[in-house]
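Right, I'll just put the structure down here and ask away after.
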Amino acid sequence: MTKKPQPERWYQEIIKANTPPKQVFRNSLTAFFSGGLFCALAETARLLLIRLAGLPEQTAAAWVTVGAIALAALLTGCGVYDRAAQKLGAGLAVPISGFANSVAASMLEHKYEGMVLGSGCNSFKLAGAVIVFGCASAFAVTLLAMLLGLL
Amino acid sequence: MSIEKQGRQTWVFPAPPAILAGAAVAGPKEGGGALRADLDHIYPALSWDKKSFEQCEQAMQEKAASLALAKAGLQPQDIDIFFAGDLLNQITPSGFTARQLGAPFFGLFSACATAMEALSLAALCVASGAARHALALASSHTCTAERQFRYPNEYGSQKPPYAQHTATAAGAALVGEGQGAARICALTVGRVIDAQVCDPFQMGAAMAPAFADTVAAHLRELGLRPENYDLILSGDLGRDGCAIAGQLLARQGVDASATHFADCGLLLFQGADEVLAGGSGCGCAAAVGFGHILRRLASGELRRVLLCATGALLSPVANQQKESIPAICHAVALEGGNPHA
């Protein structure tokens, strides 16, 4: 893979001195707690569904997943999700809601170009890579595990 | 009318063409900023009764064009030549606006420097006698630009603190002979400068070297000093780009402390929230230059202004192919309308 070009050393220093740094530590902390909070809320909902509604464990988990997807898509459509993500960062990129947001945002973005060629074709514009490489790496890991006799 | 070339990049007009009228329109966030009084029309939302954001951008262009024409008391058929550009692929809003106006049309692209590219060409046409009236126009819309250059608008990614916000704004200037709000005395056409910046969120750093190069060339070729201008205005360097540009000018031997420097993108969003390092987009230099600045020149509050629109020639495809972001800056020297005031 070719490397990206870089500014000359002296210019890199000027840029660095005049650009606020990414708040990596603060962002990580915010993401850890906000992401953790969402997961805790989802887990609470799952337990409530099992204990109060008497749903089997797997069904309860499926409902929570569906609920998280619907909520993320709804908040994306209302224009809330991207603003919240600017503050909470990776906390909102937790797998299910982040994935739902990327699909909903892409579909919304292309709604003017039609249901099929617009929203349909572009729905996995961002999330497609996750699916492709997710499947590929799952295959590779499983194959390795089988060869090692772990499965 | 005549034109003289001075140095490598600069043209001067011994009998300067005038900006007969200018108009600026903008979206809700810009309309809530400190320059709201200088905007001729403020849209209350990012989209209205149009089918798409792209159509909204085109409507903004048409509004700016018709306002400028009305102020000058002219009709679309009086436009001898129309120069316009925007940030979209194939500059579609400009093409559709040209279709509405029915005037001979040159479509332009130099990213956010397009407003001054259009004004420069309009001035050259009028000064050479090729046109009596030339219309210069540029626009940007945050929802059409973000999807073009970065992510879908509603995608929840966290922008770095040095990212800028694309302005929803358009500006038009009608150039012709005679008296007007301001006179175009000289222009310096920018060179493409590539500082090898690759981060598409770091536009200020990508464009600052082009700004410094054009300003230094302008001053050198005309034998001027910064203090010959009341104000030297960059297009959309943003907070960080302005700070970087100050240091680059010093390296070029330009004493930036000798006069006032300001940035259209910062002015347009002064008092507005959630814009991180400031505004960007063609609309910044177009709306601030053809609205706020033109009014200050007409009123005599400002006498001489160097308006430098900065453009990052960013392409998402080139960026993914690991290319850097080249930049350009075009400068136009404006003087207050009445030479005898």
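Read-outs throughout are calculated quantities, based only on the coordinates presented, and are distinct from any laboratory measurement. Just so it is clear, the model here is predicted, and its values are computed rather than measured. Cβ coordinates were reconstructed from backbone atoms using ideal geometry, including for glycine residues, and neighbour counts include every protein chain displayed.
I'd like the distance separating the alpha-carbon centroids of the stretch B:107-169 and the stretch B:230-279, in whole Å.
So the two Cα centres are separated by 18 Å.
Hey, what do the phi angles of the stretch B:291-303 turn into as Karplus ³J(HN,Hα) couplings, whole Hz, using 6.51/-1.76/1.60 and θ = phi - 60°, x for Gly and Pro?
Taking θ as phi minus 60°, the curve returns x, 3, 5, 4, 5, 5, 5, 5, 7, x, 5, 10, 9 Hz for the stretch B:291-303.
Choose one of A:93, B:307, A:72: the residue whose Cα lies farthest towards the positive end of the charge dipole of the protein assembly as shown (beta-carbon charges +1 Lys, Arg; -1 Asp, Glu; about the Cα centre).
A:93
Run the dipole for the stretch B:215-341 about the Cα centre, Lys and Arg Cβ at +1, Asp and Glu Cβ at -1, nothing else charged, and hand back the magnitude in debye, nearest 20. If you can, show how the numbers build up before the last one.
Working: 9 positive and 12 negative charges, 50 e Å.
It comes to approximately 240 debye.
Find, among the trypsin sites (Lys or Arg not before Pro) in the stretch A:1-97, those assigned to loop by DSSP (not H, G, I, E, B) with at most 15 other beta-carbon atoms within 10 angstrom.
When the trypsin sites (Lys or Arg not before Pro) of the stretch A:1-97 are filtered for loop state and at most 15 Cβ neighbours within 10 Å, A:3, A:22 remain.
I've got another one for you. Roughly what % antiparallel, to the nearest 5, for the DSSP beta bridges in the protein assembly as shown?
Values: 40 of 62 bridges.
So the antiparallel bridges in the protein assembly as shown amount to around 65 percent.
OK, next. P(r) for the stretch B:132-197, please, calculated from all Cα pair distances in 5 Å bins and given in %.
Histogramming the stretch B:132-197 at 5 Å steps yields 3, 10, 14, 15, 16, 14, 11, 8, 5, 2, 0 percent.
Also, quick follow-up: Please work out the C-alpha center-to-center distance from the stretch B:65-98 to the stretch A:82-104 and express it in whole Å.
Comparing the Cα centres of the stretch B:65-98 and the stretch A:82-104, I get a distance of 40 Å.
In degrees, nearest 10, range 0 to 90: what is the angle between the Cα axis of helix A:24-51 and the longest Cα principal axis of chain A?
In chain A, helix A:24-51 runs at an angle near 10 degrees to the longest axis.
Follow-up. Once you compute Rg and the Kirkwood Rh from C-alpha atoms, what is the Rg to Rh ratio for the stretch A:38-151?
Values: Rg = 17.4 Å, Rh = 16.2 Å.
Over the Cα atoms of the stretch A:38-151, Rg/Rh equals 1.07.
Quick one: Kirkwood hydrodynamic radius for the stretch B:182-336, alpha-carbon pairs, angstrom, one decimal?
Working: mean 1/r = 0.0647 Å⁻¹.
Hydrodynamic radius (Kirkwood, Cα pairs) of the stretch B:182-336 is 15.5 Å.
Using the number of other C-beta atoms within 10 angstrom as an exposure proxy, rank A:63, B:11, A:10 with the fewest first. Walk me through the numbers on the way to the answer.
On the way: A:63 15, B:11 18, A:10 9.
In increasing order of surrounding Cβ atoms, one gets A:10, A:63, B:11.
Where both partners of a DSSP beta bridge lie in chain B, what percent of those bridges are antiparallel, to the nearest 5? It would help to have the intermediate numbers written out before the result.
Values: 40 of 62 bridges.
If we restrict to bridges inside chain B, about 65 percent are antiparallel.
Please report the Cα spread of the protein assembly as shown along all three principal axes, rounded to whole Å, starting with the longest.
Ordered largest first, the protein assembly as shown gives principal extents of 87, 50, 38 Å.
Using Cβ counts within 10 Å as a stand-in for footprinting exposure, how do B:267, B:224 rank, fewest first? Don't skip to the answer; put the middle values down first.
On the way: B:267 20, B:224 15.
Fewest-to-most ranking of B:267, B:224: B:224, B:267.
Relative to the first principal axis of the alpha-carbon coordinates of chain A, what is the inclination of helix A:128-147, with its axis defined by its Cα atoms, in degrees from 0 to 90 and to the nearest 10?
Tilt relative to chain A: about 70 degrees.
Compare A:33, A:139, A:99 in a GNM of chain A, Cα atoms joined below 10 Å, and give the one with the largest fluctuation.
Judging by the Gaussian network model, the answer is A:139.
Hey, another quick one. Would you calculate the convex hull of the Cα atoms in chain B and tell me its volume per residue in Å³?
Details: hull volume 41.2 nm³, N = 341.
Each residue corresponds to 121 Å³ of Cα convex hull volume.
If you rank B:189, B:175, A:80 by fewest surrounding Cβ atoms within 10 Å, what's the result?
On the way: B:189 22, B:175 32, A:80 13.
Ordered by Cβ neighbours within 10 Å, fewest first: A:80, B:189, B:175.
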